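Enquirer: Dropping the structure in here first, questions after.
What follows is calculated from the coordinates using simple rules that are stated; it is not laboratory data. Just so we're clear, the structure is a prediction, and the values are computed from it rather than from any experiment. Cβ placement follows ideal geometry from the backbone for every residue including glycine, while neighbour counts extend to all protein chains displayed.
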Amino acid sequence: MNSIRDIHSDFQYYLKYKDQKIIDLYFGLREFILAIYPESTELLYHTHALTSVYSASEKLGDAFCMIPIYTNHLNLGFNKGAILNDQHSLLKGTGKLIRHIPIVKPEDYNDKRISDLIKNALEIAISDMKSQPKTNGLTISRIKI
């Protein structure tokens, strides 16, 4: 697959243990997000889930969406999903802010309604930023191997 940006080796180390269907969904969804906002900073974590977070800056607080990968599934998560304009009621969850869309097949994300939600989340993240980003388009691993 031709990638907009290489997968960081720390992330790849854990991703290789996932089912191939999950890996393929992850790569497709990641490409979809990066095509919408190639300047995003990708922050990588491995806690209860292997997660790539997409931010308008190098700060987690400026993140607009994420892809948490669990044992047998992944989601498209929105850090401020509760305040997004979700006119098609696509978002799931009951938390104070975070909402998600379960991703089972490429059609679950490869949709104008989803790109509109990502763009709305990005607009909110940028408008809430306290300062201008120091960098753009980086991948930063917070994974301990």
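Enquirer: Please arrange 145, 36, 103 by how many other C-beta atoms lie within 10 Å of their C-beta, fewest to most.
Expert: Least crowded to most crowded, the residues run 145, 36, 103.
Enquirer: What nm value, rounded to one decimal, do you get for the distance between residue 126 and residue 140 when each label is placed 7 Å out toward the C-beta?
Expert: Distance between the two pseudo-spin positions: 2.0 nm.
Enquirer: Placing +1 at every Lys and Arg Cβ and -1 at every Asp and Glu Cβ, with all other atoms neutral, what dipole size does the range 1-132 have around its Cα centre, in debye to the nearest 20? Don't jump to the answer; show the numbers that get you there.
Expert: Numbers: 15 positive and 16 negative charges, 67 e Å.
Computed about the Cα centre, the dipole is about 320 debye.
Enquirer: What is the calculated FRET efficiency for residue 107 to residue 5, with r their C-beta to C-beta distance and R₀ = 35 Å, to the nearest 0.05? Write out the running numbers ahead of the final one.
Expert: Values: r = 24 Å, r/R0 = 0.68.
Given R0 = 35 Å and the Cβ-Cβ separation, E is 0.90.
Enquirer: Classify the range 40-105 from the C-alpha gyration tensor, please: rounded if a/c falls under 1.5, else prolate or oblate depending on whether a/b exceeds b/c.
Expert: Oblate, because a/c is 1.5 or more while a/b does not exceed b/c.
Enquirer: Between residue 59 and residue 97, what length in nm is gained on full extension when 0.36 nm per residue of separation is reduced by their alpha carbon distance?
Expert: On the way: separation 38, 0.36 × 38 = 13.68 nm, distance 1.77 nm.
My answer for the length gained is 11.9 nm.
Enquirer: Among the lysines in the chain, how many pairs, 8 or more places apart or on different chains, have alpha carbons under 20 Å apart?
Expert: For the chain, qualifying lysine pairs total 19.
Enquirer: Ok, one more. Taking Cα pairs under 8 Å and at least six residues apart, what relative contact order does the chain come out at, in percent? Walk me through the numbers before you get to the answer.
Expert: Numbers: 248 pairs, mean separation 41.9, N = 145.
In percent, rounded to a whole number, it is 29.
Enquirer: Report the full-extension gain for the segment residue 115 to residue 89: residue separation times 0.36 nm, less the Cα-Cα distance, to one decimal in nm. If you can, show how the numbers build up before the last one.
Expert: Values: separation 26, 0.36 × 26 = 9.36 nm, distance 1.42 nm.
In short, 7.9 nm is gained.
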